[in-house]
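The numbers here are math on the coordinates, done by the rules we state, and not lab data. As the structure is a computational prediction, the values presented were derived from the model and not from experiment. In this analysis, Cβ positions are derived from the backbone assuming ideal geometry, glycine residues included, and neighbour counts consider all displayed protein chains.
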Amino acid sequence: MRSLLPLCLLLVSCFGGGAADSADSAVEVDSDTPAPVSAWRRWPTDDPREVPTAPHVVLLIGCTWRADQLGPWGGRPDVAPTLSRLAAQGVVFERTIAQAPWTRPAAAAILTGRYPDDLGITEPSFGPNHRGLPASAHTLPERLHEAGWSTVAVVSNPNLSSLWGFDQGFDVYVEAFPEWTRTAGIETADEVRSRGPAVVKHALAEVAARPDRKRPVFLEVVLIDAHAPRRVSPEAQATFAEADLPDEVARYRAGLNQADLALKELVEGLPAAGIPLEETIFVLVGDHGEGLELPPSHGQAHGFTLYPSTTHVPWVISGAGIGRGRIGGLSTQLDLAPTVLGLLGLGKVGLVGEDLSVAVKAGQGSAVRDTAYTSTRLRWADRSAAITADMHCQIDHDDKATAQSISKGRGLEFSTGCCRILEDPACDRPEWDPGLLERLRGWRSDRQQAHTAAEAQTAEPNEVLRMQLRALGYAE
Ligand SMILES: [Zn+2]
């Protein structure tokens, strides 16, 4: 735990840190499970909040979950059987667009119902992004905490470090990243990431140890099993291999399968932690997808293009008071916070997304938006896209980015133009839709203005965090 102290001091100075009661690992988890790199617990001691009569909420964010690789969106049913079962018992959003194709800005949109640019979390230069969620952001966990929920998070993606403000609104914030003070390199898959089942053990232990059993709980769990680099067992790879597909697709599916096992253990473990399933709403969402070279022009990873491989993400709501069925139309990650607040009878002041709770309770209906917008600014890329029921238009805001991508051998094809993306996923039969391109330019201009006005909250990562980000490909 030698690395903990400087990190915690940094957190307190950057974000206020709240009244930390303890920053140790006092909650018991079995000795086989790696200790988290950091754990905040700041349970209120004299708590004047009313106790709401309302369900528990479990928000599971699956890092690098590509919709078309999962059963409810046409993927193999054996990849994520628990997710498929929860989906069959609840509602499936047919087409949810990620607000960014990488974790930090996408998670910010999920948690705030606001565009990443408007939060100032995007980096306008092509340098490293050290921007976090500003203290002024009014997050979903903050809103639920104000309304009386106990709030617990266990995250395993270093982009959601409390250093960058993602602990706002939580009584407990556990950063279950690998502890890399022993080795400077990455020797095994366990050192690259915390496996989902270990993350879930921490989550269940924290929930079971909560001091106030009267309150409903909001539990956020972030799983990173599907993220590259992937080292899976030969057996797991063989299970998901297909003759015509690259080996990396089989490894990716094995990662999704491990995350699904974690979801199964979470669902099975909650009752013993004092969370009855019949009193719980499950919200499962992907932060972004993965290129997987399916098709090849989308590249292997994520962050740089805005095609459906990285921007069509899974979203399911299931459990107490939720209908069964499919919600058509174009939803986005912006709709998640307003919809959860709607389901709980709370308002959505300051959020731009749609409250889809009426359709979710009925188990039928459609999102009403005719156009979804998404964008990325990551290293050498500055790009945006507008998506309608049948058309996809995109703009490369810096031509140098494409040239740089090609010169670095990445071969990511992304040029300004439009195509019918569902019929033409590689976007190699361009069509002209000047009206949609014009609307995209207007949207981009609004984001630029909002970004300029936003307060930028910047924090330099320490060496441990920097190493974790580098291992996941977030820094060169
Ligand atoms: Zn992610």
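Descriptive notes on the structure:
- All aspartates and glutamates inside 20 Å of K361 as judged from Cα atoms, apart from same-chain residues fewer than 8 positions distant: E94, E278, E279, D335
- Estimated FRET transfer efficiency when R0 is 22 angstrom, pair R231-F126 (beta carbons, to 0.05): 0.10
- Over the chain: helical MRE at 222 nm, DSSP H runs n ≥ 4 each giving -39500 (n - 2.57), nearest 500: -8500 deg cm²/dmol
- Whole-angstrom gap from segment 421-452 to segment 331-390, using each part's C-alpha centre: 17
- Centre-to-centre, using Cα atoms only, segment 247-272 and segment 98-149 are separated by 26 Å.
- With the simple model of a label 7 Å out from the Cα in the direction of the Cβ, H397 to E28 spans 5.3 nm.
- At R0 = 51 Å, FRET efficiency that the Cβ-Cβ distance of T452 and A238 yields, to 0.05: 0.45
- Computed from the C-beta positions of T53 and L422 and an R0 of 35 Å, the FRET efficiency is 0.20 to the nearest 0.05.
- Net charge of the neighbourhood of L245, taken over other residues with C-beta under 12 Å away and scored Lys/Arg +1, Asp/Glu -1, is -2.
- Shape call, segment 245-370: gyration tensor on alpha carbons, a/c limit 1.5: oblate
- Beta bridges by DSSP in segment 4-370, antiparallel share as percent, to the nearest 5: 30
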